[in-house]
Amino acid sequence: MIGPAPAYERGQELLRSGELHPPKVPRPLALDVDLLTADLAETAVLVRGVTRIATPTIRIEGEPLDVYRSVVGTLVLTRQLASKISGR
């Protein structure tokens with residue numbers, strides 16, 4: 001196993017040589033997420049870019065960075081709600 005700095009340098013070398021290509025990310029990006037309960041899914045739609053597509057399932061759509069932000073927002077919101085429900 002190598003450390004982060006040598007791994008980064010090796011990755012940069014591979015990119016420069018054309019042996020490695022960054023992944024192609026579809027735009028707009030759509031991420032479907034199954035949540036534990038319907039209540040959590042209903043609460044998650046308060047986050048920008050989130051829609052409910054089934055009872056416990058949400059879809060997060062947008063540009064990749066926006067999807068990332070919405071995932072983080074959804075995690076924070078639903079974890080907070082879940083902890084209040086469970087009493088922890």
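Only the coordinates and a few stated rules stand behind these numbers; no lab work does. Every value quoted in this text rests on a predicted model; they were computed, and no experiment measured them. Note: ideal-geometry Cβ built from the backbone for every residue, glycine included; neighbour counts use all protein chains shown.
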Legend entry - Single residue of Ala5, Ala38 found to be over 13 Å from the mean Cα position of the chain (by Cα), hydrophobic (A, V, I, L, M, F, W, C) and surrounded by 13 or more Cβ atoms within 10 Å (Cβ to Cβ): Ala38
Inset, instruction - Could you give me the residue pairs with C-beta distances under 8 Å whose first residue belongs to region 65-84 and is β-branched (Val, Ile, Thr), whose second residue is surrounded by 16 or more Cβ atoms within 10 Å (Cβ to Cβ) and part of a helix (DSSP H, G or I) wherever it lies, and which are 6+ apart or on separate chains? - result: Thr74/Ala44; Thr78/Leu40; Thr78/Thr43; Thr78/Ala44
Inset, instruction - May I ask you to list the residues in region 6-53 that are touching a residue at least 12 places away in the same chain (Cβ under 8 Å), farther than 19 Å from Val76 by Cβ and among the aliphatic types (A, V, I, L, M)? - result: Val25, Leu29, Ala30, Ala38, Ile53
Inset, instruction - Just name the residue that is nearest to the chain's Cα centre (by Cα) out of those in region 8-35 that are of a type in the set (Lys, Arg) and more than 24 Å from Val50 (Cα to Cα). - result: Arg10
